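For reference, the structure is listed below as structure tokens.
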Amino acid sequence: MSMNLVRALPIVLSLVSAPCAVNAQENAVPGPPTQPKQLNLEQVLANLEQRNAQRAAALEQFEGKRTYRMQYRGFPSDRDAEMVVKVIFRAPNTKQFTVLSQTGSKFVIDHIFKKLLEGEQEALKGENRHETALTRQNYDFELAGYEITPDGGQYVLSLLPKTKNKFLYRGKIWVDAKDFAVVRIEGEPGKNPSMWIKKTGIAHTYVKVDGFWLPAENHTESFIRLGGKATLSIEYRDYKILKTAPIDVVRKAAPGGNTLLDGASDGSAVLAGHIAQHGKQ
């Protein structure tokens, strides 16, 4: 083999193998996934209202358990309570509550926890379902951003209630970019439930169960003007989807809200107001 061939062989081999090396590198290190095109506000809202209505039409019956916990610290005395409740929902507007256990302050149990259950029943009835739904009829929306999370993209919307309804809220919601379902809420009640309340903050999260987005945890903190603080938490678990509607019924659902997720709990604000107004009980 001539000296020139010896010198040329490494160069030839490198040229022959170069495309293979490039292809192997491209296959081993893929580029970032292509993100779907982001929608504008009207498109997000149209999808949210349509998909909420479809899920509401599809979900005919489910059951689950909730644990209500309340802690109050301040004037005129501290108090705590816990109540575990079984709930059965039957479409279109029936919820059956069974109290499984209750401990702590009887005042909190009777005047807060049970009033929350009554208020939830009230929100499902007649015109309340339409007046409290998460729709453009009841809220003004703004597109506040788009976030990438481990669970996928989420649209962030700011919202203001158009009326002073006790079941509405103002703040922000996070909407899953694939399912167009609310996965998170942060804000405050649209109407202050009591003159004794200085500030109330709410934080709700939702979980996907067999294709349906249902409440996972609610957290509310309220501060009264006399210096007390009330904290309410509701933990949802043990969901079972018992009955769903035929697909043709779901497809015909008119765009609208979903009362299973609408309405922010203001139970801690109600508690703080009661205690401040009536004193030690």
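Aspartates and glutamates near Lys106 by alpha-carbon distance under 14 Å, same-chain residues fewer than 8 away left out - which ones?
Asp78, Asp80, Glu82
In whole Hz and in residue order, list the ³J(HN,Hα) couplings for the stretch 72-78 that follow from phi through the Karplus curve 6.51 cos²θ - 1.76 cosθ + 1.60, θ = phi - 60°; x for Gly and Pro.
10, 10, x, 5, x, 7, 6
With θ set to phi - 60°, apply the Karplus curve 6.51 cos²θ - 1.76 cosθ + 1.60 along the stretch 205-217 and write out the HN-Hα couplings as whole Hz, x wherever there is a Gly or Pro.
Listing the rounded values in order: 10, 10, 10, 8, 10, 6, x, 10, 9, 10, x, 10, 7 Hz.
What whole-number value in Å² describes the accessible area per residue of the stretch 88-133 for a 1.4 Å probe?
Working: 2440 Å² over 46 residues.
About 53 Å² of surface per residue is accessible.
For a protection proxy built on the mean count of beta-carbon atoms within 10 angstrom, sort 103-110, 158-165 highest first, please. Mind dumping the intermediate values first?
Working: 103-110: 16.9, 158-165: 15.4.
Result, highest mean Cβ count within 10 Å first: 103-110, 158-165.
Would you grab the residues whose amide H sits under 5 Å from the one on Ser77? Only those 5+ places off in sequence or on another chain, please, with H modelled 1.01 Å from N.
none
Around Val207, which amide H atoms from residues at least 5 apart in sequence, or from another chain, sit under 5 Å from its own amide H, with H modelled in the peptide plane?
Leu214, Ala216
Through the Karplus equation 6.51 cos²θ - 1.76 cosθ + 1.60, θ set to phi - 60°, convert the phi angles of the stretch 162-176 into ³J(HN,Hα) values in whole Hz; use x for Gly and Pro.
7, 9, 8, 8, 5, 9, 9, 8, 10, x, 10, 10, 10, 10, 4
Once neighbouring chains are kept in place and the probe is 1.4 Å, which whole percent of the accessible area of the stretch 44-89 is contributed by carbon and sulfur? Can you show the working numbers first?
Details: 650 of 1540 Å².
C and S atoms contribute 42 percent here.
Enumerate the amide H contacts of Leu242 below 5 Å, restricted to partners 5 or more residues apart or on another chain; note that Pro and chain-start residues carry no placed amide H.
Amide H neighbours of Leu242, under 5 Å, 5+ apart: Gln61, Phe62, Glu63.
The values are calculated or read from the model by the stated rules, or taken from the named source; none is laboratory data. In this text, all values refer to a predicted model and were calculated from it rather than measured experimentally. Note that each Cβ is placed from the backbone with ideal geometry, even for glycine, and that neighbours are counted across all protein chains shown. Each accessible area value is taken on the protein alone, full model and side chains, heavy atoms only, with ligands, DNA and RNA left out. Shrake-Rupley method; radii C 1.70, N 1.55, O 1.52, S 1.80 Å.
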